[in-house]
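Derivation of every value follows stated rules applied to the coordinates shown; laboratory data play no part. Quantities reported herein were computed from a predicted structural model and do not represent experimental measurements. Heads up, the Cβs are rebuilt from the backbone with ideal geometry, glycines too, and the neighbour counts pull from every protein chain shown.
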Amino acid sequence: MIFGYARVSTDGQSVEAQVRQLTKAGCKKVFRETASGAKTDRGQLRRALAQLDAGDVLMVTRLDRLARSTRDLLNTLAAITDRKAGFRSLGDTWADTTTAHGRLMLTVLGGLAEFERELIRARTGEGRVRAKARGVKMGRPPKLTPHQIKEALRRRNAGEPMRDIARSYNVSHSTISRLAA
């Protein structure tokens with residue numbers, strides 16, 4: 001079965017033109033959605049993907065109706081492939097996993113996206129090493145100053161309840177219990 005997915009970004013727009021195109025192209029059921037492409041959790045897209053069975057096809061009028069970024073597109077295509085279904089874009093004829101040529105193009109795009117992720121990961125790691133070498137502290141700043149830690153430890157060792165100590169510094173009691181003596 002061929003399913004369609006039509007999406008517009010705002011309430012002022014209409015999905016009807018997309019629905020007409022998809023129906024003309026052979027879609028038996030069209031899922032309609034008004035949601036920003038930046039939203040990753042789109043209910044109607046989720047429902048469309050859940051309906052797919054082996055051999056079905058999900059069709060859109062243009063790729064930007066399905067995904068906002070390459071990563072989002074590849075994740076959605078992976079979900080379609082996991083269900084043993086195909087994908088077609090009417091406006092982007094190369095994006096058609098029902099043909100060998102389309103699968104090749106999307107595989108190449110997937111490889112490029114993976115390569116890009118690795119480059120970003122490497123650059124981020126190198127940047128982190130350089131920052132640490134400059135003395136930049138990573139992570140969240142400590143809740144308590146060294147003086148407060150010393151005072152809290154003294155109070156804890158004197159037998160004062162940890163919840164009372166924590167309340168006086170406006171932190172949780174687990175913060176006080178984790179302090180090393």
Under a 10 Å cutoff between Cα atoms, tell me which one of Leu63, Leu144, Leu109 has the largest fluctuation in the Gaussian network model of the chain.
Leu144
Which trypsin sites (Lys or Arg not before Pro) in the range 118-181 pass both tests, a DSSP loop state and at most 10 other beta-carbon atoms within 10 Å?
Arg134, Lys137, Arg178
With a cut-off of 16 Å, note down the residues of the range 61-92 whose backbone N falls inside the zone around a label point 7 Å from the Cα of Gln13 toward its beta carbon.
61-69, 90-92
Nearest-0.05 FRET efficiency for Ala113 and Ala50, computed from C-beta distance (R0 35 Å)
0.90
At a Förster distance of 22 Å, what's the computed FRET efficiency of His147 paired with Ser172, Cβ-Cβ distance as r, to 0.05?
0.70
Does the range 18-69 come out rounded, prolate or oblate by the C-alpha gyration tensor, with a ≥ b ≥ c the root eigenvalues, rounded set by a/c under 1.5 and, if not, prolate when a/b is larger than b/c and oblate if not?
oblate
Row for the chain, column shape: gyration tensor on C-alpha, a ≥ b ≥ c, rounded if a/c < 1.5 i.e. under 1.5, prolate if a/b over b/c, else oblate; value prolate
What number, rounded to the nearest 500 deg cm²/dmol, is the helix-based mean residue ellipticity at 222 nm of the chain, given -39500 (n - 2.57) per DSSP H run of at least four residues and division by all its residues?
-15500 deg cm²/dmol
Can you give the extra length, in nm with one decimal, that the chain gains between Arg163 and Thr34 once fully stretched, where that is 0.36 nm per residue apart less the Cα-Cα distance?
41.5 nm
